[in-house]
Amino acid sequence: HEICRECDFISLHLPLTAQTRHLIGSEELAMMKNNAILINTARGGIVDEDALLDALSSGSIRGAGVDAFVNEPPNDPRWFRLDNVVLGNHAAASTVGAANAMSMMAACNLLDDLGRDEGSTPC
């Protein structure tokens, strides 16, 4: 609660668990400064989306950056009418380099499982 009351920016970086579901809800949003910005790039469900939409619509917080939703893409049209939110698609690893690296790791794992020769080129 101290973080909600004192911070101008709150950025969430934690897994979604039974304990973190709706960690940020209407009570926490009401505690925040009216110039606060909430950033959730962690997991959908950590923030109560209806409560955040209400806070953004009413101006009780300044804004939000969200790229993790319960339903992706978000299916509530209110998200797209707000001018104080930046929406992302939770695809930070979707780059050419990341896709190439994941492909190489998958191929190497397959070769290892198939018993690649000891003297062969390592991945």
Self-check item: Residue count, the stretch 69-113 (criterion: in a loop (DSSP other than H, G, I, E, B), of a type in the set (A, V, I, L, M, F, W, C) and more than 17 Å from the chain's Cα centre (by Cα))
Solution: 1
Quiz prompt | Among residues of the stretch 57-68, those that are open to solvent by less than 20 Å² (accessible area, probe 1.4 Å) and either more than 14 Å from residue 28 (Cβ to Cβ) or part of a loop (DSSP other than H, G, I, E, B) (or both), counted | solution = 5
Quiz item: Taking only pairs six or more apart or across chains, which ones have beta-carbon atoms under 6 Å, a first residue in the stretch 8-23 that is under 9 Å from residue 46 (Cβ atoms), and a second residue that is open to solvent by less than 90 Å² (accessible area, probe 1.4 Å) and not in a loop (DSSP other than H, G, I, E, B)?
Solution: 12/40
Quiz item: Just for the stretch 1-42: of the residues that are over 16 Å from residue 85 (Cα atoms) and among the polar types (S, T, N, Q), which one is most open to solvent (accessible area, probe 1.4 Å)?
Solution: 19
Quiz item: What number of residues within the stretch 1-43 satisfy the criterion of being at pLDDT below 95 and of a type in the set (Phe, Trp, Tyr)?
Solution: 0
Quiz item: So residue 91 clears everything in (1) touching a His at 6+ places or on another chain (Cβ under 8 Å); (2) open to solvent by less than 70 Å² (accessible area, probe 1.4 Å); (3) at pLDDT below 95 except one condition, right? Which one?
Solution: (1)
Practice problem: Note down all Cβ pairs under 8 Å where the first residue falls in the stretch 72-92 and is at negative phi, the second is of a type in the set (Lys, Arg) and surrounded by 13 or more Cβ atoms within 10 Å (Cβ to Cβ), and they're at least six residues apart or on different chains. | Solution: 84/62
Quiz item: List, please: which pairs have Cβ atoms under 8 Å, are six or more places apart or on different chains, and start with a residue in the stretch 49-70 that is closer than 12 Å to residue 83 by Cα and end with one that is of a type in the set (S, T, N, Q) and modelled with pLDDT under 95?
Solution: 65/41
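The values are calculated or read from the model by the stated rules, or taken from the named source; none is laboratory data. None of the values given here were measured: they were computed from a predicted structure. All Cβ positions, glycine included, derive from the backbone under ideal geometry; neighbour counts span all protein chains shown. Areas reflect the complete protein model, heavy atoms only, side chains present, ligands, DNA and RNA absent. Shrake-Rupley method; radii C 1.70, N 1.55, O 1.52, S 1.80 Å.
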